[in-house]
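Read the structure below first, then the notes.
The values are calculated or read from the model by the stated rules, or taken from the named source; none is laboratory data. Fair warning: this is a prediction, and the values are worked out from it, not measured in the lab. Ideal geometry is used to build each Cβ from the backbone, glycine not excepted, and the neighbour counts take in all protein chains shown.
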Amino acid sequence: MQDLHKALADIGSIRQQVAAGTMFRGLGPTVVAVTGVLAAVTATVQSIWLGDIGQRPVAFLAAWAGTAAVSAALIGAEMIARTRRHHGGLADAMLINAIEQALPAGVAGVAVALVLIQFAPDTLWVLPGLWQVLVGLGIFASVRSLPRAVAWAGAWYLAAGIVVLALSSQSQALSPWAMGLPFVVGQLLLAAILHFAFGGSDGEFAD
């Protein structure tokens with residue numbers, strides 16, 4: 001029995017090593033582009049109807065949290081379908097590997113937002129820039145399993161986040177487009193990189 005358990009453990013370890021060295025094809029360019037469109041819609045709606053954002057910062061952030069949740073659900077569902085289609089028996093290992101790379105940045109973004117809302121609401125203006133920086137770091141963490149060109153998208157988010165932090169520090173105010181524009185450009189850039197890296201016909205709904 002011990003030999004059997006050791007053999008199974010060795011097989012699991014080999015599968016994880018193979019998954020770590022295989023390009024992850026579960027991230028679909030079309031759905032990534034859709035999340036960029038969602039960011040544009042959210043920013044447009046907020047700029048027209050939200051009114052004085054300074055008086056409603058929680059509503060501002062709640063809208064973006066909802067947009068992020070919908071985007072994550074769309075990407076997650078597509079990742080599962082594409083990973084099973086493209087990676088076969090390695091699907092579970094590939095998914096776990098991809099989630100492990102991106103999850104820390106996402107958890108950090110949620111944690112920072114909750115802390116600021118609870119204990120330092122006057123500093124909520126830093127969140128758009130911080131979230132963009134964290135997204136950039138999450139993309140950089142995933143470079144080893146995605147096409148290397150996605151590093152350009154990571155660099156965009158990192159640079160945009162720093163610029164947004166610098167500009168926001170002058171007014172210390174939340175802005176729909178300071179949040180939205182970097183995500184629109186970043187997601188469309190990431191979608192384009194994935195599209196060309198995986199081949200033009202390798203969309204979410206192609207077999």
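Summary table below
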{"read-out": "Residue list for segment 55-71, filter: of a type outside the set (A, V, I, L, M, F, W, C) and either loosely packed, with under 12 Cβ neighbours inside 10 Å or out of contact with any helix residue (DSSP H, G or I) (no Cβ under 9 Å at 6 or more places or on another chain) (or both)", "value": "Q55, R56"}
{"read-out": "Residue identified as surrounded by 13 or more Cβ atoms within 10 Å (Cβ to Cβ), at pLDDT below 95 and out of contact with any strand residue (DSSP E or B) (no Cβ under 6 Å at 6 or more places or on another chain) among G26, G36", "value": "G26"}
{"read-out": "Some residue of segment 91-113 being touching a His at 6+ places or on another chain (Cβ under 7 Å), in contact (Cβ under 8 Å) with a residue 24 or more places away in the chain and among the hydrophobic types (A, V, I, L, M, F, W, C)", "value": "yes"}
{"read-out": "Residue count for segment 39-54, restricted to those that are polar (S, T, N, Q), out of contact with any Pro (no Cβ under 7 Å at 6 or more places or on another chain) and buried (at least 20 other Cβ atoms within 10 Å of the Cβ)", "value": "1"}
{"read-out": "Residues of segment 129-158 satisfying the condition of being modelled with pLDDT under 95, crowded, with 19+ Cβ neighbours inside 10 Å and assigned to a helix (DSSP H, G or I)", "value": "S142, S145"}
{"read-out": "Unmet criterion (only one of (1) within 23 Å of G180 (Cβ to Cβ); (2) among the hydrophobic types (A, V, I, L, M, F, W, C); (3) surrounded by 14 or more Cβ atoms within 10 Å (Cβ to Cβ); (4) modelled with pLDDT under 90) for L74", "value": "(4)"}
{"read-out": "Set I14, I48: member being farther than 28 Å from I193 by Cα, at pLDDT 90 or above and assigned to a helix (DSSP H, G or I)", "value": "I48"}
{"read-out": "Positions within segment 159-183 being surrounded by fewer than 20 Cβ atoms within 10 Å (Cβ to Cβ) and of a type outside the set (G, A, S), in sequence order", "value": "I162, V163, L165, L167, Q170, Q172, W177, L181"}
{"read-out": "Where W125 falls short, out of the listed (1) surrounded by fewer than 20 Cβ atoms within 10 Å (Cβ to Cβ); (2) more than 25 Å from A98 (Cβ to Cβ)", "value": "(1)"}
{"read-out": "Tally, over segment 42-93, of residues that are under 20 Å from I117 (Cβ atoms) and either more than 18 Å from the chain's Cα centre (by Cα) or basic (K, R) (or both)", "value": "12"}
{"read-out": "Lone unmet requirement of (1) on the phi > 0 side of the Ramachandran plot; (2) of a type outside the set (K, R); (3) without any contact (Cβ under 8 Å) to a residue 12 or more places away in the chain for Q172", "value": "(3)"}
{"read-out": "Selection within segment 166-179 - closer than 22 Å to L50 by Cα, assigned to a helix (DSSP H, G or I) and among the hydrophobic types (A, V, I, L, M, F, W, C)", "value": "L167, W177, A178, M179"}
{"read-out": "Check on Q101, surrounded by 19 or more Cβ atoms within 10 Å (Cβ to Cβ), in a helix (DSSP H, G or I) and among the polar types (S, T, N, Q)", "value": "yes"}
